[in-house]
Amino acid sequence: MKTLPALSYVLSLLMTRRMRQGLCVCALAAGLTTASAISPLPAAGPPSAEASDSGPDEKTPQAQPRGVPDLDLPNRPPQGQGRSAQEPGAGTGAEGRTGIPATALDAYKKAEWTLSRARPSCHVSWQLVAGIGRVESVHASGYGLRADGTTTKPIRGPRLDGKRFALIRDTDRGRWDGDAEFDRAIGPMQFIPSTWASWGADGNGDGVNDPNNIYDAALATGHYLCAGGRDLNGSADLEKAILSYNNSREYVNAVRDWMRTYQGSKVTPTPDEAPAAPHYPDPADTRAPATAKPSRTVRQGSVTRPPAQRERVPEETATPRPAKPVATPGAEKKPAGKPEPAPGRSTGTAHHTVARLERVGEDYLGERGEGEAFTRQPQVRALDAHGHPVAGVKVTYRLTGPSAAHFADHTTSTTVSTDDRGLATAPTIWAGDRPGCVMLTAAAPGKQRPATAAFTAAVRQAPAPMTADHLELLTPQPVHADLDSRLPDLPQVRTTTGNKPTPGVRLTATLLDSAREREQPRECAFGPYFKDEHGNPLRTLVLPDTDSEGRLTLPQLFTGERSGSYTLRLATPEGVTLDIPLTVGEISTDGPAT
């Protein structure tokens, strides 16, 4: 017997959703068409961490050889890549190396807090996420980590073209890694773009999933490690989780050592801007030192070679070392200049060119009644090829659709510039005078074609006004005033139906010329008037709806400069009327002055 109310509730919910979907089906279809035309991402796996919870393993692209991790352990001083003792956490022994940049530490702890509520059975700790961040990029040290989680310089792994590392062809059309031929690991947690497409998260609540932002990357790392119902309090699940991130025994050992160090020592937040030489996961990076760390794993395919065999690794699988220069007779010395970019690295001015517009928040703006303002102002963020915000970009918002929605100035197109965070906020949108779909497109100039983003909304039909069969004055009395003054307080009006008060009735007030010789009075061209919001005279005015008792207080009336007799006519939409006589100045027997 208890199933009937539940079934009724479900059917009601489905009907409500169907009505909303039907109201704006054309807008949603247009939005999907626009999205498919402009989206830089192909369908590569589940769209989010919530869409698929099958646990990744050591065979996933993320786990394959994708760059050079920093495998220094906490119990020995840093080696190679020239990092100075000024790097965050530098020092002798484990206790002296537990400093983490303040923003990175905050990102790790926020990820733990979020996951403790989203995935409480996983028991992911911020120290584990920090261990991954330490091994992947040394917490983004030296890359210009900002307080909002972004970095001034991108963090990228090598091209995954199968020569030194895994072969992973492009999956993001260069959206994140700037390479439209092969993928690269990206950001402080070194995500493969296809992995980010499945597990990307918004860790700082700005409405954007950005692998280059340490808040977003830290939360996505936690989701990835927790996938498949893992409980990271268990050693077996913990090991499987880390192996699914990088299938290397040395990698697992390094992450676990750093995790235990952070758990057993007092972790000190260090300044984000503290001087540090960054760790370069791409050995071909022209900024990276040539000498490889002796403690770093060298991998060929999925095989990890022990330290004793590393010097005999074939040249094409090892970290490249610079050859000793050989003098050539007659060769001209070239002046030292800017180093050539590594193969596949972008040399354009991507930080000043918009690669895409990203919506902030949902694409559906909701629905409003006719003539009402939408409560949410649409926002987009302009991003370059590296996912960094671009300031000063002109973004044009354009409204289309059958509902005649418009901005406050009654235009359907407006242009705004992005701020220093790359954000462009549209003005308030007002619903049109008829129900239907609203389609809003944002567009900004790009390198080859405009970057666009789309929003949808709906305008619902206004409810039919209440009707009344009778209008009456509550306190009938003559209404008289002098020239160039205000008419005194007008009597209240009440609307009734069958002698019962009728709330919500919308009346129209019109000022009429009451000259006796005319059979039909007409709207005045002079005499008493109302004022609009700008102080201009009005002689026809739609009044607010009557209150719950069917009552209405008339607005202030002004007399004007001509004496005479006039009529204030109130009318319902159905034609029920009430005439209120008005007298201005001294009245002659011949009617109003002309």
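For residue 109, which aspartates and glutamates qualify as cross-link partners when the Cα separation must be under 19 Å and same-chain residues fewer than eight apart are set aside? Filter leaves 136, 148, 202, 206, 210, 216, 231, 257, 272. Values of log10 I(q)/I(0) for segment 434-590 across q = 0.09 Å⁻¹ run -0.43, by the Debye formula with one identical scatterer at each alpha carbon and no solvent. Protein heavy-atom accessible surface, 1.4 Å probe, per residue over segment 135-260: 29 Å².
The calculated FRET efficiency for residue 352 paired with residue 407, based on their beta-carbon distance and R0 = 25 Å, is about 0.30. Dividing the convex hull volume of the alpha carbon atoms of segment 349-414 by its residue count gives 103 Å³ per residue. Rounded to 0.05, the FRET efficiency of the residue 57 and residue 173 pair, given R0 = 30 Å and the Cβ-Cβ distance, is 0.65. What part of the accessible area of segment 385-448, given as a whole %, is carbon or sulfur when the probe is 1.4 angstrom? That share works out to 53 percent. A cut-off under 13 angstrom between Cβ atoms defines the neighbours of residue 499, and their net charge, with Lys, Arg +1 and Asp, Glu -1, is 0. Using θ = phi - 60° in the Karplus curve 6.51 cos²θ - 1.76 cosθ + 1.60, the 3J(HN,Hα) couplings for segment 424-439 round to 10, 9, 6, x, 4, 9, 10, 5, x, 8, 8, x, x, 8, 10, 10 Hz; x is entered for Gly and Pro.
Which part of segment 189-231 falls in the paramagnetic zone of residue 256, meaning amide N under 16 Å from the point 7 Å along Cα-to-beta-carbon? The answer is 231.
Summarised as an ellipsoid, segment 376-453 has semi-axes of 26, 12, 9 Å, derived from the eigenvalues of the Cα gyration tensor scaled by 5 and square-rooted, with the largest first. Residues whose amide H comes within less than 5 Å of that of residue 395, counting only those at least five positions distant or on another chain, are 416, 417, 418 (H built at 1.01 Å from N in the peptide plane).
Determine the per residue accessible area of segment 467-591 with all protein chains present and a 1.4 angstrom probe, expressed in square angstrom.
Counting only protein heavy atoms, the per-residue value for segment 467-591 is 58 Å².
For the pair residue 394 and residue 492, label points projected 7 Å from Cα toward Cβ lie 5.6 nm apart. Ranked by the mean number of other Cβ atoms within 10 Å of their residues, highest first, the peptides 353-360, 545-552 fall in the order 353-360, 545-552. Close amide-amide hydrogen proximity is noted between residue 143 and no other residue 5 or more places distant or on a separate chain, at a cut-off under 5 Å (H modeled in the peptide plane; Pro and chain starts excluded).
The values are calculated or read from the model by the stated rules, or taken from the named source; none is laboratory data. Note that the coordinates shown come from a computational prediction; the quantities given were computed from them, not determined experimentally. When we count neighbours, we look across all protein chains shown, and the Cβ atoms used for this are built from the backbone with ideal geometry, even at glycine. Quick note on the areas: whole protein, heavy atoms, side chains included, nothing else; ligands and nucleic acids left out. Shrake-Rupley method; radii C 1.70, N 1.55, O 1.52, S 1.80 Å.
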